[in-house]
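Structure first, then comments.
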């Protein structure tokens, strides 16, 4: 089993960006330009490496390889995005890798791309790229190319050596368990061994809501691979497990006018097998709350008025300042109740919310995360 933290270190230490490896300070697939650029890189790496894995490491400074980290990215539906836009799509996995020197809410993103030995191309237009475009890696750059020859496999031995040097061992596993238990001891840190092989650690602040035990400030890590499976400072989740599996059900709090309820968002089931393999399956459980259209029209128009004030740099009233904290969630609710333009307004609000305060920008990120899960399911 590969220790993903070691894999990232090996990639950074032994290779500059090349035809099987790319690094990014960050990615943003919440808008068309960012989505298009990400798809271009996936397409190029897949085409340039038909016989081996290729990688994108996210959260690394381009100039000096310094690991700066990015926010935890829990988009389990990223393969759906790949399938929607690419012909002959590769198998793509996004994983969150914690590093000891990073803050609790920061990880390094690792995108692993496994080609299917066929030419990958864009299925349809996106941003400035046309449907049918084919990309390859030219050194460290993803470029559109016309191809008329067979792609040569030049990286398999190099990639195999890098992955071999990143194999996990008992020492790394024990160190990982001790590190986790010490770091999370204030939040009910626990561990369990599955199938005498897999070591899962988790922690969370326990609370009981309507006779159901939920946890906030949840951190769940698969120590064997040094992969963070779940992290949240705010959301509540329920946790259950047996000797063969570990299940997480994530909840979100949504509502209007100070009347909030918990709604199931997504179920994640980690299944451990006897042959030293495991699988992660997710299932969307979310049923959007429905509200009176007249009430939503009033809230939608009030949100638009607040957004216009933010654009012009005008001071908000006391009530508007309160409503601003709920603006991302209420735009989301409006969209889920068929106010189609609300999603455009939500995207439009991003730079102004980010500039205003950390709390309201966190609310924006939470709203877009829910929307991403719903959209790609």
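The values are calculated or read from the model by the stated rules, or taken from the named source; none is laboratory data. Bear in mind that the values here come from a model prediction, so they are computed numbers and not experimental data. Cβ: placed from backbone, ideal geometry, glycine included. Neighbour counts: every protein chain shown.
Laid out as a table, the results:
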| read-out | value |
| --- | --- |
| Options 303, 319; residue that is farther than 25 Å from residue 282 by Cβ and at pLDDT below 95 | 319 |
| For residue 260: the one exception among (1) over 21 Å from the mean Cα position of the chain (by Cα); (2) closer than 26 Å to residue 356 by Cβ; (3) surrounded by 15 or more Cβ atoms within 10 Å (Cβ to Cβ) | (3) |
| Unique match (being farther than 30 Å from residue 119 by Cα and modelled with pLDDT of 90 or more) among 162, 209, 220 | 220 |
| Number of the exception - residue 169 against (1) over 23 Å from the mean Cα position of the chain (by Cα); (2) closer than 26 Å to residue 262 by Cβ | (2) |
| Residue 68 being assigned by TED's automatic domain parsing to the domain that holds residue 22, surrounded by 21 or more Cβ atoms within 10 Å (Cβ to Cβ) and modelled with pLDDT of 90 or more | no |
| Conditions (1) surrounded by fewer than 19 Cβ atoms within 10 Å (Cβ to Cβ); (2) at pLDDT below 90; (3) assigned by TED's automatic domain parsing to the domain that holds residue 48: number failed by residue 155 | (1) |
| Residue in the stretch 87-108 that is modelled with pLDDT under 95, outside the structural domain of residue 268 (by TED's automatic domain parsing), more than 18 Å from the chain's Cα centre (by Cα) and buried (at least 20 other Cβ atoms within 10 Å of the Cβ) present | no |
| Which numbered condition residue 59 fails, given (1) in contact with a strand residue (DSSP E or B) (Cβ under 6 Å, 6 or more places away or on another chain); (2) touching a residue at least 40 places away in the same chain (Cβ under 8 Å); (3) at negative phi | (3) |
| Qualifying strands (runs of 3 or more DSSP E) (wholly inside the stretch 152-261; at least 1 residues being touching a residue at least 60 places away in the same chain (Cβ under 8 Å) and in contact with a strand residue (DSSP E or B) (Cβ under 6 Å, 6 or more places away or on another chain)) | 190-194, 198-209, 212-222, 227-232, 245-256 |
| Residue list for the stretch 118-131, restricted to those being exposed (fewer than 13 other Cβ atoms within 10 Å of the Cβ) and out of contact with any strand residue (DSSP E or B) (no Cβ under 6 Å at 6 or more places or on another chain) | 124, 128, 130 |
| Selection count, the stretch 18-50, where residues are in contact with a strand residue (DSSP E or B) (Cβ under 6 Å, 6 or more places away or on another chain), in a loop (DSSP other than H, G, I, E, B) and within 15 Å of residue 158 (Cα to Cα) | 2 |
| Qualifying residues in the stretch 317-330 (those that are free of Cβ contacts under 8 Å to residues at least 60 places away in the same chain and more than 13 Å from residue 353 (Cα to Cα)) - the one surrounded by the most Cβ atoms within 10 Å (Cβ to Cβ) | 320 |
